[in-house]
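Novice: Starting off with a structure, shown below.
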Amino acid sequence: MTTSYEPQSRASFAALAARAFPDLPPEELAELERAWNHVARWVARLPRDLPMAAEPAHIFKAPERAP
């Protein structure tokens, strides 16, 4: 089930899409717009207040490379 956009949200999507995908065909842009509410809800569920050390990509050090 998809909820309708708030006017400022729709304007934000239009601005984002125009900058990120300037050559996107209209039918693909419409598909992206339909999926946008789902993506926005998914992103909203991501935790924001975690320390950097809690991110798995930041707890390991890359091995030193010889030149």
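The values are calculated or read from the model by the stated rules, or taken from the named source; none is laboratory data. All figures in this text were calculated on a predicted structure; none of them were measured in a lab. Note: ideal-geometry Cβ built from the backbone for every residue, glycine included; neighbour counts use all protein chains shown.
Novice: Within the range 44-67, how many residues turn out to be over 19 Å from the mean Cα position of the chain (by Cα) and closer than 30 Å to residue 9 by Cα?
Specialist: Applying the first criterion (over 19 Å from the mean Cα position of the chain (by Cα)) to the range 44-67 yields 51-54, 56, 58-67.
Narrowing the set further to residues that are closer than 30 Å to residue 9 by Cα leaves 51-52.
Within the range 44-67, residues that are over 19 Å from the mean Cα position of the chain (by Cα) and closer than 30 Å to residue 9 by Cα number 2.
Novice: Further, regarding this structure: Pull up the range 1-14, narrow it to residues that are surrounded by fewer than 10 Cβ atoms within 10 Å (Cβ to Cβ) and part of a helix (DSSP H, G or I), then point me to the one that is modelled with the lowest pLDDT.
Specialist: In this case the residue turns out to be 7.
Novice: I'd like the full set of residues that are exposed (fewer than 12 other Cβ atoms within 10 Å of the Cβ) and within 16 Å of residue 12 (Cα to Cα), limited to the range 22-34.
Specialist: Matches in the range 22-34: 22, 30, 34.
Novice: Also, quick follow-up: Out of 48, 19, I need the residue that is of a type in the set (Lys, Arg) and either surrounded by 10 or more Cβ atoms within 10 Å (Cβ to Cβ) or at pLDDT below 85 (or both). Which one? Show your work before the answer.
Specialist: Working: 19 fails: either surrounded by 10 or more Cβ atoms within 10 Å (Cβ to Cβ) or at pLDDT below 85 (or both).
Exactly one of 48, 19 is of a type in the set (Lys, Arg) and either surrounded by 10 or more Cβ atoms within 10 Å (Cβ to Cβ) or at pLDDT below 85 (or both), namely 48.
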